[in-house]
Amino acid sequence: MDTSEFRKYAHELVDWMADYMEKAGSYPVRAAVQPREILRQIPESPPQRGEPFETLFADFQNIILPGMTHWQSPSFFAYFPANSSPPSILAEMLTATLGAQCMSWVTSPAATELEERMMQWLAGMISLPATFTGVIQDTASTATLCALLTARERASHFSVNARGFSSSPPFTAYCSTEAHSSVEKAVKIAGLGRENLRKVPVDDAFAMQPRALERMLEEDRAAGHVPLFAVAAMGTTGSTAIDPLREIGGLCRRYQVWLHVDAAFAGSALILPELRWMSAGVEMCDSFVFNPHKWLFTNFDCSAYFVRDVEALVRTFEILPEYLKTSESERVNNYRDWGLQLGRRFRALKLWFVIRSYGVEGLQEKLRLHIRMAYDLAEQMRASGDFELLAPAPLNVLCFRYHPAGIRSDETLNELNARLLESLNATGKLYLTHTKLGGNFTLRLVIGQTNVQPPHVGNAWRLIQHVARSLA
């Protein structure tokens, strides 16, 4: 494909992209295909000769598009959102065109320095203490692993990196029973062993109990273990429960435990001054992560990771072969040494475009709308008589179930709500997911998609009631 053909097809694709953004809500939200249905339509062997772009795009529309779940539909209420926005998409187009590998300052100075500034902007927007320094990671899972590895090395005086675990003490890690699965994965990858991860009980609001954490810390120390790492959730995946940072932070300081805050979804809400109660005590934490690619309208992937001990972070990951040495290294940030990957995408550009396009006030306005719609729907559920909320709703995630009068059995309610979820998603008119809270099958409705408006939420609520009552 030469540049004249590229220009022609690029214009056509941009028209298609704009049309898609306008009518994303008209597609079935969840892909209505069976396992391996897409695979069967793709030849087992690649073509020997090149094919025209018209054929490629026709296959995209006829084979790929029907198998896509439409995360950008305003009726997508599942998981947490993976938001997009026009300025972010335009930045991604530029990033792909430049095709830069931004591992070091010298490989693209603008990429490094823009990332440094964007992390400063984000820290200010969410009111993080000035003791934190930021870097972009791909996901919160990676950031949590980076935090654990840094904690391991700092506690072992960097001996594990040098000699392995042969001379290190038996480390233990801590998170609540509601913490994200990435914590357990990080513990396995970092070599601590999943048996050394302690799952701390939660209270009635599904937040970690500090007193239970303290008991576990004491028991582990008495048994000869070395408490190393704790994760506090600012917005658990199941219910957006908020762990009490100040109390947990005080314990971690007393026991010399690295405290990492997983605010992957809810951290974006800290741009709202009225919600900064969630971060009370963050000054006692060692690291903090949130994902602009979830609720700040920035295309996946873009995870903002902040750490207080930058020297320990860099020392944990730094490897400097001759072919990576440059004369500027002492005066710049080389972000290849701030995480797992050597290769790095130019992620800061889309953040820059999004923040400047919306402005802080525009971003705040959208988040406040999402939260207000959730509060309004929660009130309607409470007033309905046959739906109940199963967890507090401090933000924009509602955890609920259908509970018609006369049904006492939890097993029956679980089966009924599982059928309700499948029936709702099969309509293609919305997409919900579930969790289990206290053993109860729980439907989750997340109001956070970029373009969701009150009519979309109203339509969803009417459909939920109609389908539920038809199942009873």
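The values are calculated or read from the model by the stated rules, or taken from the named source; none is laboratory data. What you see is a predicted model, and the numbers here were worked out from it, not measured in a lab. So basically every Cβ, Gly included, is an ideal-geometry build from the backbone, and we count neighbours across all protein chains shown.
Things worth noting here:
- Only one of Val187, Val183, Val135 that is closer than 30 Å to Pro394 by Cβ, buried (at least 21 other Cβ atoms within 10 Å of the Cβ) and touching a Cys at 6+ places or on another chain (Cβ under 7 Å): Val183
- Scan of the stretch 408-464 for residues that are of a type in the set (A, V, I, L, M), farther than 29 Å from His293 by Cβ and without any contact (Cβ under 8 Å) to a residue 24 or more places away in the chain, ordered by number: Ala418
- Considering only residues in the stretch 413-470 that are of a type in the set (Gly, Ala, Ser) and in a loop (DSSP other than H, G, I, E, B), the one that is surrounded by the fewest Cβ atoms within 10 Å (Cβ to Cβ) turns out to be Gly439.
- Residue in the stretch 44-54 that is out of contact with any His (no Cβ under 7 Å at 6 or more places or on another chain) and assigned to a helix (DSSP H, G or I) present: yes
- Selected residue (criterion: nearest to Gly428 (Cα to Cα)) from residues of the stretch 459-472 that are polar (S, T, N, Q) and at pLDDT 95 or above: Asn459
- Candidates Thr142, Thr131 - the one that is assigned to a helix (DSSP H, G or I), outside the structural domain of Leu363 (by TED's automatic domain parsing) and under 24 Å from the mean Cα position of the chain (by Cα): Thr142
- Selection count, the stretch 67-125, where residues are in contact (Cβ under 8 Å) with a residue 40 or more places away in the chain, among the small types (Gly, Ala, Ser) and assigned to a loop (DSSP other than H, G, I, E, B): 9
- Residue among Leu192, Leu122 that is assigned by TED's automatic domain parsing to the domain that holds Ala312, under 20 Å from Pro227 (Cα atoms) and either hydrophobic (A, V, I, L, M, F, W, C) or more than 18 Å from the chain's Cα centre (by Cα) (or both): Leu192
- Residue that is modelled with the lowest pLDDT [pool: residues in the stretch 407-458 that are β-branched (Val, Ile, Thr) and over 20 Å from the mean Cα position of the chain (by Cα)]: Ile407
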